[in-house]
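All of the numbers you see were taken from the coordinates with simple rules; none came from a lab. Only a predicted model underlies this, so the values are computations on that prediction, with no experimental measurement involved. All Cβ positions, even for glycine, are placed from backbone atoms using ideal geometry, and neighbour counts span all protein chains on display.
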Amino acid sequence: MILKKLKLRNFRNIEHCEIVLDPGINVFLGNNGQGKTNCIESVVFSSTTRSFRVTNDNAMIKHDCPFASIECTIEEDGKKTVLSSVIHSKGKSLFVASKQVPKASEFIGRLNAILFSPNDLEMFNISPRERRKLMDMEIGKISLKYNAALLKYQKCLKERNQALKMECDIILLTSLESQMVDAQLQIIESRRVFVEFLNQRLTHKMKQLCDEDLELGVRLKSWIDFSDKSKLRELMQQKYDETRERDILLKVTGNGCHRDDIEFTMKGIPLNEMASQGQKRMVLLAIKLCLIDFVRMTKKTSPVLILDDVLSELDQNNRIRLFQVLDKEVQTLITTTDLDELKESLVKSPKIFRVDHGIIR
């Protein structure tokens, strides 16, 4: 898949732009605060329907403007599709080929973008809830079934928590638990496959990037033992039966996949306790490269790779290794303040967009 064209209106500090991208490497060059990251933020929004910088969508609307719009033209197997987003005071409207889609799940992942930004280093320090969000986002971009199961689970979880805060109806609680178990069969299996995929490839990707064999590992820390799929339904139902009285007392659901987490290790030790900042940065790059492979395996197409202000954090050798490891079929978008960071790394000349006060040339 290739992002052919990007058209923005009233997005952040960009009043209007329309650019045609190269299928290879595209560089957004400019000083800090000029709008480079705004450009790639719009692409990530078109992939996930949310910003990686803010939680309030209205923050992406240019000051004193009623709306912001993003239009991405993608091409896959020779077929072009236009994805459009309009952000306004009442929310956002999403369109595929000029037809509005009622659910975000019908839009997410049509343009699959893998982002690496400096803020990603926080992944090893943030709460399990935020790590789950990242995992759910990556799986959700390639699986409609996963998104549907997650939405169903979250709806039932909310209803169960509301029921627990009121005078409890045991029949209602058990009915909701049964629906939650059904949804979790899909969720837990998808998460298991995702984590196992990372586990099988992460050490190798890291060795390609920095020629170190660091024995990296990934573990899904689940609320339930999922090693025997044939017993999973029975185990979950048993767990809810055992903890129902406690949940009634505490007025909250204590068990479920909303408590899951993922843990990264180095030589069997939690990564956060052992790795340097430089090693964490390279591990994150290795994770992103694994995600590219994950998309290609499941969707049979390549995602767009986005590197936001990353190269300044890498030494020259690591930059060269990164571009040697990157598949030449993967379209890449890079933001940088200095072209010298790229000169020794690239074999092929990139397409360069100069960004100055929201104007892109």
In nm, the gap between the two label points placed 7 Å beyond Cα toward Cβ at residue 144 and residue 81 is 1.0 nm
Difference of contour (0.36 nm per residue) and Cα-Cα distance, residue 88 to residue 326: 82.0 nm
Fraction of the pair-distance distribution of the chain above 26 Å, Cα-Cα pairs, percent: 55 percent
What distance in nm separates the two pseudo spin-label positions at residue 50 and residue 169, each 7 Å out from Cα along the beta-carbon direction? 3.1 nm
Using only Cα atoms, what Kirkwood radius does segment 233-361 have, in angstroms? 18.9 Å
Sort 218, 304, 283 by Cβ crowding within 10 Å, fewest neighbours at the top. 218, 283, 304
DSSP bridge orientation in the chain - percent antiparallel, rounded to nearest 5: 70 percent
For segment 119-300, shape from the Cα gyration tensor axes a ≥ b ≥ c, cut at a/c of 1.5 then a/b versus b/c, turns out prolate
Under the rule that an exposed site lies in a DSSP loop and has at most 16 other Cβ atoms within 10 Å, name the longest stretch of the chain with no GluC sites (Glu not before Pro) of that kind, not counting the sites themselves. 1-166
Show which lysines lie in cross-link reach of residue 343 when reach means a straight Cα distance below 26 angstrom and same-chain residues fewer than eight apart are skipped. 4, 5, 36, 205, 207, 280, 288, 328, 351
So, with points 7 Å from each Cα along the Cβ direction, the residue 219-residue 179 label distance in nm works out to 3.5 nm
Euclidean distance between Cα centres, segment 142-214 to segment 1-56, Å: 31 Å
Mind checking which aspartates and glutamates have their C-alpha under 17 Å from residue 231, skipping anything on the same chain fewer than 8 residues away? 177, 182, 189, 241, 242
Nothing charged except the Cβ atoms of Lys and Arg (+1) and of Asp and Glu (-1): what's the magnitude of the dipole of segment 42-156 about its Cα centre? Round to the nearest 20 debye. 480 debye
Specify which residue in the list 277, 178, 291 is farthest towards the positive end of the charge dipole of segment 119-300, using unit charges on the beta carbon of Lys, Arg (+1) and Asp, Glu (-1), about the Cα centre. 291
With a Förster distance of 41 angstrom and the Cβ-Cβ distance between residue 251 and residue 359, calculated FRET efficiency to the nearest 0.05 equals 0.15
Charges at C-beta only: +1 for Lys and Arg, -1 for Asp and Glu. How large is the resulting dipole of the chain about its Cα centre, in Debye rounded to 20? 940 debye
Taking r as the C-beta separation of residue 277 and residue 299 and R0 as 25 Å, the FRET efficiency to the nearest 0.05 is 0.15
Please report, in debye to the nearest 20, how large the charge dipole of segment 119-300 is about its Cα centre when each Lys and Arg carries +1 at its beta carbon and each Asp and Glu carries -1 there. 600 debye
